[in-house]
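Contents: one structure, followed by commentary.
The values are calculated or read from the model by the stated rules, or taken from the named source; none is laboratory data. All values derive from a computational prediction rather than experimental measurement. Quick reminder, even Gly has a Cβ in these numbers, built from the backbone with ideal geometry, and neighbours come from all protein chains shown. For accessibility, only protein heavy atoms count, side chains too; no ligands or nucleic acids. Shrake-Rupley method; radii C 1.70, N 1.55, O 1.52, S 1.80 Å.
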Amino acid sequence: MNWQVNYALKYLMDNHKDATAQHVRGDAIRIMMPHKPNVMAVISDAYTISAELAMQYHVNFPDMDFLCGYRKECVWEGGAIRYLEGNTIGWGSAGTLGSAIYNGDARSAAHKDYCFSYRLIRQIRSIKNLDREFDRIFTMTLTSGCTVRVGMIMEYEPTADAIRTFWDRFGPIDIAWNINPNGNPTQNAIEAGADLGCEVMKWDELKMLLRNR
């Protein structure tokens, strides 16, 4: 049994007392919760989940309900997200899986760190086209014809280093959107963004920008 499967089984046992989980084969586990649908979850140890990898997991486990990127630093490519959602397979972190078990919506669940913020963006009428490149990166084309590349920053209070590291990992962005509702970017983060050529902001600022650009 792979390390991430062992950890996932222990995590479920320690944090979800009502759930019963068992190893099926390979990277797959079956999770049972009273009065909720059983869930076949595949637990991946990949640092990056691409469309090709998501497809391969689906071939190996045709009954997969949820694909879990167990590493905290796991990044999901846009192609993988589109493939999984197109096949009604949930995706996300261990925390996302835990919530989905209780909600009974494993097949429609999406990464809980980014799901709400991305849903907000999809509701903005001034956005003509939305291309999700990664779980935390999307490019939007506005009705004005302007194209903006946005990175969703999850840190409580992003620092200058967080902005630079994000830029180095994912390339240039126009906006670093701090999506954590409980914190605000540090002044050093805002200055680092300005040096790189991007604006660092919260939702209210982003919403105003989208209305006026």
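See the values below:
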quantity: Complete set of residues in the range 35-62 that are part of a helix (DSSP H, G or I) and open to solvent by less than 70 Å² (accessible area, probe 1.4 Å); calculated: Ala51, Leu53, Ala54, Tyr57, His58, Asn60
quantity: Whichever residue in the range 63-73 is open to solvent by 20 Å² or more (accessible area, probe 1.4 Å) and without any contact (Cβ under 8 Å) to a residue 40 or more places away in the chain and, among such residues, is nearest to Ala109 (Cα to Cα); calculated: Asp63
quantity: Filtered residues of the range 42-92 (kept if out of contact with any Asp or Glu (no Cβ under 7 Å at 6 or more places or on another chain), within 21 Å of Ala8 (Cα to Cα) and hydrophobic (A, V, I, L, M, F, W, C)); calculated: Ala46, Leu53, Ala54, Phe61, Met64, Phe66, Leu67, Cys68, Cys74, Leu84, Trp91
quantity: Helices (runs of 4 or more DSSP H) contained in the range 74-181 and holding at least 3 residues open to solvent by 50 Å² or more (accessible area, probe 1.4 Å); calculated: 78-86, 115-122, 160-170
